[in-house]
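The values are calculated or read from the model by the stated rules, or taken from the named source; none is laboratory data. Just so you know, these numbers come straight off a predicted model, no measurement behind them. Methodologically, a virtual Cβ is constructed for each residue, glycine included, from the backbone with ideal geometry; neighbour enumeration extends over all protein chains shown. SASA here: full protein model, heavy atoms, side chains in, ligands and nucleic acids out. Shrake-Rupley method; radii C 1.70, N 1.55, O 1.52, S 1.80 Å.
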Amino acid sequence: MKILIIEDEQEIAKSIKDYFKTNGIQCETAENYALALDKIDNYNYDCILLDLMLPDGDGFDILKELKNKNKTEGVIIISAKETLDSRIEGFNLGADDFLTKPFHLSELLVRMQALIRRKNFKGNNNVIFNEINIDILSKTVTINNKKLDLTKKEIDLLLFLIGNNNKVLSKGAIAEHLSGDMADMLDNHDFIYAHIKNLKKKLNTAGSGDYIKTIYGLGYKWEDD
Amino acid sequence: MTKKLLQKTTNQFLLFSAIVLLISGLIFYYITNYFYIEETDEFIENHKKEFVKYQLPTFKISDVSLWNKYNKNEILIPSHRVTKDTYFTKIYYVQIEEEKQPFRELNSPIFIEGKPYTYTVKINIIKNKHLVRSIAKLFFIIIIILMLGILIIVKISSKRLWKPFYDTLQQIQGFELDKNKTPVFISTKIDEFDQLNKSLSKLIEKNISIYKSQREFVENAAHELQTPLALFQTKIDTLLQLELSKEQSSILSSLNNDVSRFNRLNKNLLLLSKIDNGNYLEKNIIILNDFINKHLDFFTEQAKAKNLSIVTEFNTELSITGNSSLTEVLINNLFLNAIRHNVMNGKIIIRIEDNMLTFLNTGQPKLMVIDKLFNRFSKTNPSSQGNGLGLAIIKKITELNQWQINYAFDNNLHVFSIKF
């Protein structure tokens, strides 16, 4: 899988690149408008991460350019602009998702995976991890072909963990993924503990491996050992 | 009660005209009266002159009784009652009309055959009452015609004259700084209005430009702060993936808390400045009950850590008009406030009554200085995780919508109530 990160802040681009590398995602970066256009002209990507404010141009113009060239890459806007207007303009110009800075890398990763799944619709819409099979469309989870009864939030959590396979997820990142903007207001993210506990119990009872590891003080990790 | 400018000036006009007419009416009455009396005096004097010239030379004392018999208003009385010609007004009872009437009378001394007589001549004058009434009637008619005239002229001409003013007024009333619709004033030939329009245009232009630069500043500030925050966040996420010692983990964990606190603070400050800039003026009708129910699950989850019970007492369906994003922030903040400042195993009651939303919660009775409660960055518990902006935001939102928020500590419960 190959993605293009259009972002003038080199350190953010590098962090994304490093984070995605371990998931077998190949990242290229473009730190300005001209370079980005050049890359879009010459290569095809599975997904483009687009910052709106570039030193030599506007991210929206890149979206227009993609449309003119009939490119079908999925686009996720990553921006510090969080006004409703810029969101709407982004979606109108053909962006698929919008993530406001600051964001968690784990959140970006699962959103990108979801986007690519949607884009490659012809294949099945399943996420498979060893004996666990998640059907995204019907929202059903099976373990060894046996249906598992999970709440919507638990499926969401499971997808988030599997999507960030082998990575430590902070409680804050999980809370934000599960409750969106509301998580910003919370003093602590202890409620995550209860969700993890329930999910773990249901998976174990259904005969799945013990993949969820607790990282002391920090958060949790999905790990295939 | 305020009156229109036009009506005020018209009223003054009318009052002035009425006073002038009344005074001139009075003066007119006295002048008329004076000339009338003068004419009457001249008339009776002529009578006397005629008598003295044509009758007196051949008049005998024996003729007096006969003369007096046939002349009612021109009689001769023996002896001198007066020594010279005297004019005066006297009231006589007139038999035939059965009422008292004023007469003008002249008494003059004469001699008939060497004996002194008084020649008395009198003439009926118009009664004062009649004169006053006639003059008053006349003036009343003049006043009414004059006032009607003034009213009509003022109405017609001023409507035309003041039209540019009302046009301008209407434009300004419809003007909102955040909507990109600059008023266009109709050009007028009246200097004052022209100046008014010019000054207003200048004022509006200046305000719009200040407003725009402020909004730009907010957006730029958001960008400038959020980019380093994003860097901070992504680096922590990267750092999390490394093999860490227990000590490093705990530092990273607290760093994680700090960055989310920083993020929260930044978001709240942005929200406050956006409210100040009027970014949330769009309003909808919101059914508060549904709004609260929608988030109840989330907050029930949050309340579990303190084992709080949340009770809703919806006595009615309350629909309000407000900005939905801000109303959401308002309710979330009230909820969080009730959870944050609660005690273990406490409770939260959310009550909806007619026009009133109330959050009641158990908590430490020790109390905050109430007037400082809603100030920015005022914290009751310095060690709490809150940034002291939650209540300030609540206050701001209620002010923006002209809702009333009240705090009370009642029956061992903290009570925040909002009247819509």
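Table for the structure above
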{"quantity": "Test result for B:Gln214, touching an Asp or Glu at 6+ places or on another chain (Cβ under 9 Å), more than 10 Å from chain A (Cβ to nearest Cβ) and open to solvent by 40 Å² or more (accessible area, probe 1.4 Å)", "calculated": "yes"}
{"quantity": "All positions within the stretch B:223-254 that are open to solvent by 50 Å² or more (accessible area, probe 1.4 Å), assigned to a helix (DSSP H, G or I), in contact with a helix residue (DSSP H, G or I) (Cβ under 9 Å, 6 or more places away or on another chain) and of a type outside the set (S, T, N, Q)", "calculated": "B:Leu225, B:Phe232, B:Lys235, B:Leu239"}
{"quantity": "Of the criteria (1) within 14 Å of chain B (Cβ to nearest Cβ); (2) modelled with pLDDT under 90; (3) under 17 Å from A:Ile116 (Cα atoms), which one A:Lys81 fails", "calculated": "(3)"}
{"quantity": "Lone qualifier among A:Ser179, A:Ser170 - being crowded, with 19+ Cβ neighbours inside 10 Å, within 30 Å of B:Leu265 (Cα to Cα), in contact with a His (Cβ under 8 Å, 6 or more places away or on another chain) and within 12 Å of chain B (Cβ to nearest Cβ)", "calculated": "A:Ser170"}
{"quantity": "Candidates B:Asn268, B:Asn284, B:Asn257, filtered to the one that is facing chain A (nearest Cβ under 9 Å) and open to solvent by 50 Å² or more (accessible area, probe 1.4 Å)", "calculated": "B:Asn257"}
{"quantity": "Positions within the stretch B:87-139 being loosely packed, with under 13 Cβ neighbours inside 10 Å, part of a strand (DSSP E or B) and not aromatic (Phe, Trp, Tyr), in sequence order", "calculated": "B:Lys90, B:Ile91, B:Val94, B:Glu99, B:Lys100, B:Lys115"}
{"quantity": "Candidates B:Leu22, B:Leu15, B:Leu56, B:Leu26 - the one that is touching a residue at least 40 places away in the same chain (Cβ under 8 Å), under 30 Å from B:Leu146 (Cβ atoms) and part of a helix (DSSP H, G or I)", "calculated": "B:Leu22"}
{"quantity": "Residue within the stretch A:200-212 that is without any contact (Cβ under 8 Å) to a residue 60 or more places away in the chain, within 13 Å of another protein chain (Cβ to nearest Cβ) and either more than 30 Å from B:His341 (Cα to Cα) or open to solvent by 50 Å² or more (accessible area, probe 1.4 Å) (or both) present", "calculated": "no"}
{"quantity": "Failed item in (1) more than 10 Å from every other protein chain (Cβ to nearest Cβ); (2) free of Cβ contacts under 8 Å to residues at least 12 places away in the same chain, with A:Glu65 passing the rest", "calculated": "(2)"}
{"quantity": "Set A:Val110, A:Val127: member being among the β-branched types (Val, Ile, Thr), touching a helix residue (DSSP H, G or I) at 6+ places or on another chain (Cβ under 8 Å) and assigned to a helix (DSSP H, G or I)", "calculated": "A:Val110"}
{"quantity": "Qualifying positions in the stretch A:20-36 - surrounded by fewer than 20 Cβ atoms within 10 Å (Cβ to Cβ), under 14 Å from A:Ile3 (Cα atoms) and away from chain B (no Cβ under 14 Å)", "calculated": "A:Gly24, A:Ile25, A:Gln26, A:Glu28"}
{"quantity": "Boolean, A:Lys152 is surrounded by fewer than 16 Cβ atoms within 10 Å (Cβ to Cβ), within 13 Å of chain B (Cβ to nearest Cβ) and within 29 Å of A:Thr22 (Cα to Cα)", "calculated": "yes"}
